[in-house]
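Notes to accompany the following structure.
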Amino acid sequence: MLKLAEKYADKPSEELPMLFQRILQNTIRDYYRRQKVRNMWTTLLSSLSPSHAEEDHDPLETLEAADGSNWKTNPTIQLDRIQVIEIIDKAVKALPTRQREAFLLRYWEELDVAQTAEVMGCSEGSVKTHCSRATHALAEVLKAKGVEL
């Protein structure tokens, strides 16, 4: 309703029901697309966390082995985690600059599309395109390396 009021207040009242329906459909579609991508990355990253994971666990913390803080972890599991994190890190670094920026802002920094567009200085559509291309490219790299999603 807010999008309709903000962007289409100057339109004739006969057009408002159809505009509202289209806005609602697009918002729902965006929500489910975003959830699908987030769930894919959440599933991948949650597989890196220990079985007794806390809610605020950061999968990148598995690299803290240098200070001996996670010495109790099975070395094989620890090595697997480190290798997957390195694959992800290299794949993200290999992305084109704009795709990498959009991906990191959206999924690592958890900004929404509008905030990401503002930070990047581009349209929301560009952010969605960059994120989509980045996630598809990362998924291909991970699949090629044998990482199960």
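Bear in mind these aren't lab numbers, they're just calculated from the coordinates by the rules spelled out. None of these values were measured; they are calculated from a predicted model. All Cβ positions, glycine included, derive from the backbone under ideal geometry; neighbour counts span all protein chains shown.
Details
- Residues Asp112 and Asp80, FRET efficiency given R0 of 25 Å [Cβ-Cβ distance, rounded to 0.05]: 0.15
- Ordering of 21-27, 138-144 by packing [mean C-beta count within 10 Å, highest first]: 138-144, 21-27
- All Cα-Cα distances of region 91-149, cut into 10 Å bins from zero to the largest, leave 26, 51, 19, 4 percent in each bin in turn.
- Under 19 Å from Lys145, Cα to Cα: lysines that are on another chain or at least 8 residues apart: Lys90, Lys93
- 3J(HN,Hα) from dihedral phi, region 27-33, Karplus parametrisation 6.51/-1.76/1.60, rounded to Hz, x for glycine, proline: 5, 5, 4, 4, 4, 5, 4
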